[in-house]
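A short reminder: the numbers here are calculations on the coordinates, not readings from a lab. Fair warning: this is a prediction, and the values are worked out from it, not measured in the lab. FYI the Cβ positions are ideal-geometry reconstructions off the backbone, even for glycines, and counts take in every protein chain you see.
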Amino acid sequence: MTHCVPPRGESEQSVPRHQSAVTLVTAGRLTTAFVVLGVALRVWNFGAVSSLWLDEILLSRNILGRGLWRLLTEPLQLDQVAPPGFLLVEKLTVLALGGHELSLRLFPFFCSIAGLFLFRKLAETTLQGIAAPIAMALFATSVPLIRFAAEVKQYECDATAAIVLLLLALRLRQPGRLRAASADSFEVAPMPSARPGCRPWIRPSPLDRL
């Protein structure tokens, strides 16, 4: 009685490849689902039109009460700081759509939606298997990022800009791109929208307001 023995390595390789393909498809679907969830949460928060915090009101008074030139060239009043690039977009949005709350919150909202898709690209570029959808889930359901999406502050724009810089850095590290740039010599120039002395990520926790 003879037994048909498959060539060595054939059965061992076919199963892992099949499982790997299934894992990739499942991970991709999960990542898409978490992106959709993140968009839904941000739209829900934006549509709730919650009351402005005091620091949002103070910044809004600067945006609404100043001309474009003074807004970009003079220090803000009421102990407020914000990058000139953020102030420029906010002022142009107000001039185009009016000075109501939704107009002031529109730019951070768009940045938050763009950040979801950019973060997906970052996660799928740097992570493998189920790690990418896990990272996407954490980003999509992050309470601070959901709240910042509907606040008249630059924090959501800062988060999206950080993701863009990471994607650019990863692209520059690809073979054939800027071979002369090493980890010791390559520096990311400060963004032109950053105000000197402004440290936008230093902010009291939302829980401190309770």
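For every residue, the table says whether it meets (1) touching a residue at least 40 places away in the same chain (Cβ under 8 Å); (2) surrounded by fewer than 19 Cβ atoms within 10 Å (Cβ to Cβ); (3) more than 21 Å from VAL39 (Cβ to Cβ).
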position: LEU95; (1), (2), (3): no, yes, yes
position: GLY98; (1), (2), (3): no, yes, yes
position: GLU101; (1), (2), (3): yes, yes, no
position: ARG105; (1), (2), (3): yes, no, no
position: SER112; (1), (2), (3): yes, no, no
position: PHE119; (1), (2), (3): yes, no, no
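Taken as a whole, the stretch 98-112 holds at least one residue that is over 17 Å from ASN45 (Cα atoms) and in contact with a helix residue (DSSP H, G or I) (Cβ under 8 Å, 6 or more places away or on another chain).
For the stretch 153-176, filtered to residues that are assigned to a loop (DSSP other than H, G, I, E, B) and free of Cβ contacts under 8 Å to residues at least 60 places away in the same chain, the residue that is surrounded by the most Cβ atoms within 10 Å (Cβ to Cβ) is ARG173. Can you find a residue in the stretch 140-152 that is part of a loop (DSSP other than H, G, I, E, B), touching a Leu at 6+ places or on another chain (Cβ under 7 Å) and farther than 13 Å from ALA40 by Cα? Checking the stretch 140-152: at least one residue is part of a loop (DSSP other than H, G, I, E, B), touching a Leu at 6+ places or on another chain (Cβ under 7 Å) and farther than 13 Å from ALA40 by Cα.
Scan the stretch 82-113 residue by residue and report those that are among the basic types (Lys, Arg) and under 18 Å from LEU72 (Cα atoms). Matches in the stretch 82-113: LYS91 only.
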